[in-house]
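Colleague: I'd like to ask you about the structure that follows.
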Amino acid sequence: MRNLRLSSHSRRAALGDRGRRAHPDEVVAVGGYLDEQFCQVEDLQDDASPNFTEEVVTLFFKDSARLISNIEQALEKYPKDFSRWDAYMQQLKGSCSSIGASRMKSECMSFRDCCGQGNPEGCMRSFQKVKREHGALRQKLEAYFQLVRQAGPAGAATRPV
Amino acid sequence: MEASKQEEAAAGGKQGGGGACCRGRDARAVESSRKESKVVVPVVHDDAEAETEPCVIAVDDSSVDRALVTALLRRSKYRVTAVDSGKRALEILGSEPNVSMIITDYWMPEMTGYDLLKKVKESSELKQIPVVIMSSENVPTRITRCLEEGAEDFLLKPVRPADISRITTRMLLH
């Protein structure tokens, strides 16, 4: 059964290591896009669910695209409805947290802070950052899974100690 | 390993609210997939064997969290039915014998996890079933309220393997 876990070197390459030496446990945190929770997701992958990580990530982007669309509409249709905006962003933040999307989660939190402050301009700026991080994360993870697929059985997985 | 890709719609996502009980199948919850992904692969057991396995009902409106908590529970060898709403969970509870635990998100539209907890604890048939609440927010008053209402435990998301170990160990002691 093909093992889809990348070696630490390949994972760094996929997720954008900037050349620093990474402790094996920090590999996935390189670049700050993902935190240790992503490792937890990967650890749930096994022979019975060999594509589990990619499937969860796919679910995440499906959900997150919907939520971002909802927020976009809410920002337009319900001006200064901070409660509504915050509720949508809370869901998005939760999803980010579940897969370890730390940078995107951070921007979600900034947005919620702006909601709490009643700052619509701040919300708009934060939302643009959320969308940017979402796009960047998608690119990073697409590259990562591309490597995973290319690695094949021989390429993987020295699991980080 | 058998790799049949048969869907069970045990976790139906926003559209459906599906939730088929896993009779005769291993502990896998399957998201009803559209284009992108199918999660999890069922392994067939005998019906008799499957029905004696403890069954957990996982309730969460987030498809990501349903997939994660299902995988965590599967690691602990539980048979899992994952649904996306409290309403759907109550429907399943009406037909599924041998439910050993309900694990539910707190914040869901229409019926919160707290509402579901209350309904379970108010039911003479269901009140013995342990209910665990999950939430991404650490709100002490929320936690207290759930525990006072009879929740077995309150887990902060993202749920970790150690959390599942803790609650399943406690259930074994009951």
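Colleague: For residue B:58, list long-range residues whose amide hydrogen, built 1.01 Å from N in the peptide plane, is under 5 Å from its own amide hydrogen.
Modeller: Hits under the 5 Å cutoff: B:81, B:82, B:83, B:103.
Colleague: When only C-alpha pairs under 8 Å and at least 6 residues apart count, what is the relative contact order of region A:42-142, in percent?
Modeller: 21 percent
Colleague: While we're looking at this one, here's another question. When the Karplus curve 6.51 cos²θ - 1.76 cosθ + 1.60 is applied with θ = phi - 60°, which whole-Hz ³J(HN,Hα) does each residue of region A:139-147 get, with x for Gly and Pro?
Modeller: 4, 4, 6, 4, 5, 4, 6, 4, 5
Colleague: Arrange the following residues from fewest to most other Cβ atoms within 10 Å of their Cβ: B:110, A:36.
Modeller: B:110, A:36
Colleague: Averaged over its residues, how many other protein chain Cβ atoms are within 10 Å of peptide A:47-57's Cβ atoms?
Modeller: Partner Cβ neighbours, averaged per residue: 5.
Colleague: May I pose another question? Among B:77/B:118; A:62/A:105; A:93/A:131; B:87/B:127, which pairs are too far apart, with a Cα-Cα distance over 18 Å?
Modeller: With Cα atoms farther than 18 Å apart: B:77/B:118.
Colleague: Here's a follow-up. If contacts are Cα pairs under 8 angstrom and at least 6 residues apart, what is the relative contact order of region B:45-127 in percent?
Modeller: For region B:45-127, the relative contact order is 33 percent.
Colleague: Counting only other chains, what is the mean number of Cβ atoms within 10 angstrom of the Cβ of each residue in peptide A:36-45?
Modeller: Counting Cβ atoms of other protein chains within 10 Å of each residue's Cβ and averaging gives 3.
Colleague: For peptide B:148-158, compute the average count of partner chain beta-carbon atoms within 10 Å of each residue's beta-carbon.
Modeller: Mean partner-chain Cβ count within 10 Å for B:148-158: 1.
Bear in mind these aren't lab numbers, they're just calculated from the coordinates by the rules spelled out. A quick note: this is a predicted structure, and the numbers were derived from the prediction, not measured. Here Cβ is always computed from backbone atoms with ideal geometry, including for glycine, and neighbour counts include all displayed protein chains.
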